[in-house]
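Below: the structure, in structure tokens.
The values are calculated or read from the model by the stated rules, or taken from the named source; none is laboratory data. On a predicted model such as this, the values are computed, not experimentally measured, just so you know. Note that each Cβ is placed from the backbone with ideal geometry, even for glycine, and that neighbours are counted across all protein chains shown. All accessible areas refer to the heavy atoms of the entire protein, side chains included, with ligands and DNA or RNA removed. Shrake-Rupley method; radii C 1.70, N 1.55, O 1.52, S 1.80 Å.
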Amino acid sequence: MKTIVSCREDFADRDVGGKFAKQKVMLDAGLPVPAFFCLTVAFYNEVFAAIRPAVEARLKAIDFADMAAIQQASRDIRAIFDGIRLSAIQLGAVLAAFDAQFTGDTLASVRASTVGHRLEESEDSIDNPFAGMSETFLYVRREQIVDKLKHCWASGFSQESLIYRHAQGMDLLGFGVAVGVQQMVFGERSFVMFTSNPNTAARDFVIVAGHGIGEGVVQEKVEVDHYFVNGKTAEITRDLQHKATMLTLDQNAGHGLTEQPVPEALRQPACLADEAIEQLTAYGRRIEALFGCPQDIEGTFTADGSLYFLQSRPIAFDYSRQRVWTNTNVTESYPGVSTSLTYTFARYFYRVIFYDLYRMLGVSPRTLHDNFEPLDRMIGYLSGRVYYCLSHFYLLHKQSPLFPLFGASWEAMIGLTSSYQTQHTPTLKERLDRLRVWVRVPPAVLATVYQYATHERRMADYHGWWENLVAPLRGKDFAQEDAMVLRNRFFDIWTQVGNYWGVTLTTDAYLIPLYGLIESLFRKWRLSDDNPGLLSDLLCGDEKLMSVEILLSAVGLAEHVRANTPLRALFEQHDDRTLWQMARRGELDAGFTQKLDHHLHLFGDRGLQELKLEQPALRDTPWVLLRMVKTYAQQQVMVASVRAHELKVRGEADAQLKRKLAGSPFKLRLLNTLLPRLRRLIRHRENSRYCRAELFGVSRKIFLGIAASLVRQGVLGRIDDIYHLTQDEVFGYIDGTGVTENLQALAGLRRGEFAGHQARELAEQITTLGAVRNNAFDKPRETIVGSGQLKGLGSSAGKVRGTARVVLDPNTVEAIGPDMILIARETDPGWLFLMLASKGMVVERGSMLSHTAITGRKFGIPTIVALPGATTRIPDGARIEIDGSTGVVTLLDAPQAMADAPSALEEVAA
């Protein structure tokens, strides 16, 4: 292995570390990267061999429970490195490499990069970024290079590196140190860019920028702006700060750094213009594509506007602790707070039907078995609300080799404004396994084409099966049946559901990309420029849509009322509940009553929030239908007018499309082929949704029958107590698999929780780390906060309470309390011991990309950065609560009851 390599030579990660290997890749790809050369790990090994015994002896003596002992050991080892004397050959090789790469007056940066004996333990690896722990020296002259080399080598044993390796269970000697010497770029505006949001895992860009060189931004030494760029729409959201300071070359010394004031005219405006942001995001996509995973990229703009990239490393997402949640689509079915029974029943429904779907799509039984846990937990229950677990949806959908073809359309269909990074970058073995996936693509395509070609027939078979199953069960009352009989009936029904329902989900699999294709054609051909609703108008007019038939049935009842003068008079005189009682007593027109009963029998499961079991169905509240009928009768709504309006809209849309494409017969013929297919798919989806409402209606009746039996036995006090039990608790009590006898106590507990959930308002998108209940779900507030609250930038999720410990100098801290929340102006890697001992962290400076934020996310410590004046506004010793998601610090008047969370250090020790 060579001991020195230039950026023009080929070398591997294990020679120079990920930092410079990635710069080489970017340079070879034509990206703007300053020239450099590297002293490889082989050079380090040469010089380290002589001092290894002394270093090893010093490491063995460290007591990692004693911060002072760690600091002393680090100082001792640095002194050992300072004593190294390079041979004449080694010294000559270093200076010759400098002279070959640069002119003699070039100022350089000198950066260390640790390279683990196991590559996954190397700096800038996916799992172990070692953010900010290796030494970096800027504006270094040629004659200073050798001294800086020694300090870079010694930084592998800095106190923060030692603490990090010990906390991660790594070998303290299991690495080498490469050092890169790179031409110094005189940056005037520097940035750090994430190609994925590290706080939420959204596939959006986050850019942090400040004046001066990048060291000020990365080390939290200067004020910064934040720019958030949506990955789908490129929309830019800005969080601008007053930027008073910058780091730059110390002109007096001719080398090194100094802090200088930002010119007054540049302090308030945005550091980066929109054009610069667009340029960065375009490069960011290229760089991410080069390395195959989301990247943390550092760079700078010089005075003439030239852009240089100085580093790129993988974003250290902790996928083992991360869950991404959304209710953007599922809230349509389960709005607001849902009961325990509704949630657990819905979770069972998702598992059963998606199992059938994946089976139909050709996913193997082995794969389904291996993914049973996420399949069983496709939805979650956060403070009483139903959420999709996107982490599991992505994982499961990607089992199909065709997901790349419909993934973006699926995201749009469920209302996601961003994609999400929910899985780690594949290893080499996993990449090879994924190559084998391509072998499955042709069969998957053939199966999909066959299923689409036979979709009409299979949907007809599905509806025939469903009608045979549900017809004898519509409106049936199970109140007098035995609980075990009802339990068995339930699973008999659901066994069939598991064999037939998957075809309804294939409808969406075809509908989503087809709609996306037609929508893109409309945009490309500018068909909707003067009429944005044209496509929507072209999709109406299907006579076989169940939702329309239900509406027309109700309108028909209203027509009967209007046509019958005595009946109309009764509707004008009485309220809807009285009218229902009269209908049951036979006091209304017989023909009307017959039509009313027919409507309730066929369509009685359609209603508001029809998938929530605690919500009564229309057949259980028939007066609601009479209220609708009265309204239609008063508004003169007629079946013929409803149909005529729909046909008129469709006819005008057809004519408009024909006019717009009069000179393009091929385009018109293509759309006239695709639109009927899309209308058929929409009809199948809407009609199967009513089948779903009937399935839930029958299941609701079964649960109510079981509840009646349990009330008769004295197990429950009220029929509606059953809604506050889980499905497994209900069936477990009946069939002997349950673990709780006192169902009433559970129902009472859950009823109280249900009421408590009502007052909360939750965020639409939630990303959690670690135990889900330890995270905040509440909808983020605006920057205005209430009395006793301060607001910064949430950078590591979690909510904790503890005692504020204001620390201005980490070296002055001798005792650490178990309840400490660290309050500081800023931190650097030297604070790691204190950070790991903290329950939470609040700092005045920093960004979502800073060392404080990265450490918080890595070790699961709730963290808030960029809270101005935190060390003076938060009293030392005060009881506070911090929310690492929203960035809110609440000053508590007095200690309040809350389970004390252990510090990260306690967890590491455990």
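Residues being open to solvent by 20 Å² or more (accessible area, probe 1.4 Å) and either touching a residue at least 12 places away in the same chain (Cβ under 8 Å) or not hydrophobic (A, V, I, L, M, F, W, C) (or both): count how many of those fall in segment 7-17. I'd like the intermediate steps shown before the answer.
Here is the first cut: in segment 7-17, the residues open to solvent by 20 Å² or more (accessible area, probe 1.4 Å) are 8-15.
Narrowing further to those that are either touching a residue at least 12 places away in the same chain (Cβ under 8 Å) or not hydrophobic (A, V, I, L, M, F, W, C) (or both): 8-11, 13-15.
Of the residues in that region, 7 qualify.
Among the residues of segment 30-56, how many are over 44 Å from the mean Cα position of the chain (by Cα) and farther than 26 Å from N811 by Cβ?
Of the residues in segment 30-56, 8 are over 44 Å from the mean Cα position of the chain (by Cα) and farther than 26 Å from N811 by Cβ.
Check segment 578-586 and report whether any residue there is farther than 24 Å from R677 by Cα and basic (K, R).
Within segment 578-586, one or more residues are farther than 24 Å from R677 by Cα and basic (K, R).
How do the helices (runs of 4 or more DSSP H) wholly within segment 372-419 filter down when requiring 2 or more residues that are more than 30 Å from R750 (Cα to Cα) and modelled with pLDDT under 85: which remain?
Working: elements: 372-376, 390-397, 403-413.
So the answer is 403-413.
May I ask you to verify whether I821 is of a type in the set (V, I, T) and modelled with pLDDT of 85 or more?
On the way: of a type in the set (V, I, T): yes; modelled with pLDDT of 85 or more: yes.
Considered against the rule, which asks whether it is of a type in the set (V, I, T) and modelled with pLDDT of 85 or more, I821 comes out as yes.
Assess whether R700 counts as being open to solvent by 50 Å² or more (accessible area, probe 1.4 Å), modelled with pLDDT of 90 or more and of a type outside the set (F, W, Y). Explain how you work it out, then say what you get.
Working: open to solvent by 50 Å² or more (accessible area, probe 1.4 Å): no; modelled with pLDDT of 90 or more: yes; of a type outside the set (F, W, Y): yes.
No; evaluated as a whole, the condition is false for this residue.
Can you pull out the residues in segment 587-608 that are assigned to a loop (DSSP other than H, G, I, E, B) and under 17 Å from L551 (Cα atoms)?
To start, the set of residues in segment 587-608 that are assigned to a loop (DSSP other than H, G, I, E, B) comprises 587-589, 604-608.
Result: G604, D605, R606, G607, L608.
As an exercise: evaluate G212 against (1) among the small types (G, A, S); (2) surrounded by fewer than 23 Cβ atoms within 10 Å (Cβ to Cβ); (3) without any contact (Cβ under 8 Å) to a residue 60 or more places away in the chain and give the number of the one condition it does not meet.
If we test G212 against (1) among the small types (G, A, S); (2) surrounded by fewer than 23 Cβ atoms within 10 Å (Cβ to Cβ); (3) without any contact (Cβ under 8 Å) to a residue 60 or more places away in the chain, just (2) comes out false.
Of the residues D728, D735, D778, only one is closer than 24 Å to E614 by Cβ, at pLDDT 85 or above and within 35 Å of the chain's Cα centre (by Cα); which? So that I can check it myself, show each step before the final result.
Values: D735 fails: within 35 Å of the chain's Cα centre (by Cα); D778 fails: at pLDDT 85 or above.
Just one listed residue meets the conditions, D728.
If G802 satisfies every condition in (1) at pLDDT 85 or above; (2) within 30 Å of R385 (Cα to Cα); (3) surrounded by fewer than 20 Cβ atoms within 10 Å (Cβ to Cβ) but one, which is the exception?
In the conditions (1) at pLDDT 85 or above; (2) within 30 Å of R385 (Cα to Cα); (3) surrounded by fewer than 20 Cβ atoms within 10 Å (Cβ to Cβ), G802 misses (3) alone.
Return a yes/no flag: does segment 171-191 have any residue that is among the basic types (K, R) and in a strand (DSSP E or B). Let's see the steps before the verdict.
Step one: filter segment 171-191 for residues among the basic types (K, R), giving 189.
Going one step further and asking which of them are in a strand (DSSP E or B), we end up with 189.
Within segment 171-191 (the criterion being among the basic types (K, R) and in a strand (DSSP E or B)), the answer is yes, since at least one residue qualifies.
State which residue is nearest to D250 (Cα to Cα) when the search covers only segment 132-149 and only residues that are out of contact with any Ser or Thr (no Cβ under 9 Å at 6 or more places or on another chain) and open to solvent by less than 20 Å² (accessible area, probe 1.4 Å).
Filtering first and then ranking leaves I145.
Condition test on E646, is it of a type in the set (D, E), assigned to a helix (DSSP H, G or I), out of contact with any strand residue (DSSP E or B) (no Cβ under 7 Å at 6 or more places or on another chain) and at pLDDT below 90? Talk me through it step by step, then tell me what you get.
On the way: of a type in the set (D, E): yes; assigned to a helix (DSSP H, G or I): yes; out of contact with any strand residue (DSSP E or B) (no Cβ under 7 Å at 6 or more places or on another chain): yes; at pLDDT below 90: yes.
Yes.
Tally the residues that are within 17 Å of S109 (Cβ to Cβ) and open to solvent by less than 50 Å² (accessible area, probe 1.4 Å), restricting the search to segment 254-265.
Step one: list which residues in segment 254-265 are within 17 Å of S109 (Cβ to Cβ), which gives 254-258.
With open to solvent by less than 50 Å² (accessible area, probe 1.4 Å) added as a condition, the list becomes 254, 256, 258.
The qualifying residues number 3.
Check L514 against each of (1) more than 30 Å from A408 (Cα to Cα); (2) at pLDDT below 95; (3) hydrophobic (A, V, I, L, M, F, W, C) and name the one condition it does not meet.
In the conditions (1) more than 30 Å from A408 (Cα to Cα); (2) at pLDDT below 95; (3) hydrophobic (A, V, I, L, M, F, W, C), L514 misses (1) alone.
For segment 725-742, which residues satisfy the criterion of being open to solvent by 10 Å² or more (accessible area, probe 1.4 Å) and without any contact (Cβ under 8 Å) to a residue 12 or more places away in the chain?
Of everything in segment 725-742, those that are open to solvent by 10 Å² or more (accessible area, probe 1.4 Å) and without any contact (Cβ under 8 Å) to a residue 12 or more places away in the chain turn out to be G736, T737, G738, V739, T740, E741, N742.
Could you check segment 477-505 and list, in sequence order, the residues that are over 18 Å from R692 (Cβ atoms), touching a helix residue (DSSP H, G or I) at 6+ places or on another chain (Cβ under 8 Å) and not small (G, A, S)?
Result: D477, F478, Q480, E481, D482, M484, L486, R487, R489.
Among the residues of segment 710-724 satisfying the criterion of being over 17 Å from Q615 (Cβ atoms) and in a loop (DSSP other than H, G, I, E, B), which is least open to solvent (accessible area, probe 1.4 Å)? Outline the logic, then answer.
Step one: list which residues in segment 710-724 are over 17 Å from Q615 (Cβ atoms), which gives 710-717.
The next check asks that each one be in a loop (DSSP other than H, G, I, E, B); those that pass are 714-717.
Working: G714: 59, V715: 22, L716: 6, G717: 55 Å².
Among those that are over 17 Å from Q615 (Cβ atoms) and in a loop (DSSP other than H, G, I, E, B), it is L716.
Can you give me the number of residues within segment 599-619 that are more than 42 Å from the chain's Cα centre (by Cα) and either over 30 Å from S338 (Cα atoms) or open to solvent by 30 Å² or more (accessible area, probe 1.4 Å) (or both)?
1
Restricted to segment 131-146, and to residues that are part of a loop (DSSP other than H, G, I, E, B) and touching a strand residue (DSSP E or B) at 6+ places or on another chain (Cβ under 6 Å), which residue is modelled with the highest pLDDT? Even if it seems obvious, please write down each step before you answer.
Restricting attention to segment 131-146, the residues satisfying the condition of being part of a loop (DSSP other than H, G, I, E, B) are 131-135, 141.
Still in the running and touching a strand residue (DSSP E or B) at 6+ places or on another chain (Cβ under 6 Å): 134-135.
Working: S134: 82, E135: 88.
Out of the qualifying residues, it is E135.
Restricted to segment 147-171, and to residues that are among the acidic types (D, E) and touching a helix residue (DSSP H, G or I) at 6+ places or on another chain (Cβ under 8 Å), which residue is modelled with the highest pLDDT? Spell out how you get there, then give the answer.
Taking segment 147-171 as the starting set, the residues that turn out to be among the acidic types (D, E) are 147, 160, 171.
Those still in the list that are touching a helix residue (DSSP H, G or I) at 6+ places or on another chain (Cβ under 8 Å) too: 160, 171.
Details: E160: 86, D171: 91.
Here the residue is D171.
Look at R111 and say whether it is loosely packed, with under 12 Cβ neighbours inside 10 Å and closer than 19 Å to Q144 by Cα.
On the way: loosely packed, with under 12 Cβ neighbours inside 10 Å: no; closer than 19 Å to Q144 by Cα: yes.
In short, no.
Just to check your reading of the model, which residue among Q241, Q251, Q260 is part of a strand (DSSP E or B) and not β-branched (V, I, T)? Working first, answer last.
On the way: Q241 fails: part of a strand (DSSP E or B); Q251 fails: part of a strand (DSSP E or B).
Among Q241, Q251, Q260, only Q260 is part of a strand (DSSP E or B) and not β-branched (V, I, T).
Only residues that are more than 19 Å from N687 (Cα to Cα) and among the hydroxyl-bearing types (S, T, Y): list them for segment 488-533, please.
T495, S520, S528
In the list I207, I213, which residue meets the criterion of being hydrophobic (A, V, I, L, M, F, W, C) and more than 28 Å from R8 (Cβ to Cβ)? I'd like the intermediate steps shown before the answer.
Numbers: I213 fails: more than 28 Å from R8 (Cβ to Cβ).
Result of the check over I207, I213: I207.
What is the residue count in segment 620-656 for residues that are surrounded by 17 or more Cβ atoms within 10 Å (Cβ to Cβ) and hydroxyl-bearing (S, T, Y)?
Going through segment 620-656 one residue at a time, the tally reaches 2.
Go through segment 189-222 and give me each residue that's charged (D, E, K, R) and more than 18 Å from G794 (Cβ to Cβ). Please lay out each step first, then the result.
As a first pass, look at segment 189-222 and keep what is charged (D, E, K, R): 189, 203-204, 215, 220-221.
The answer is R189, R203, E215, K221.
Among (1) among the polar types (S, T, N, Q); (2) surrounded by fewer than 19 Cβ atoms within 10 Å (Cβ to Cβ); (3) farther than 23 Å from Y394 by Cα, where does T342 come up short?
That leaves (2) as the condition not met.
Mind telling me which of the residues A88, A100 ends up being of a type in the set (G, A, S), out of contact with any Asp or Glu (no Cβ under 7 Å at 6 or more places or on another chain), over 19 Å from D147 (Cβ atoms) and open to solvent by 20 Å² or more (accessible area, probe 1.4 Å)?
Values: A88 fails: over 19 Å from D147 (Cβ atoms).
Only one candidate qualifies: A100.
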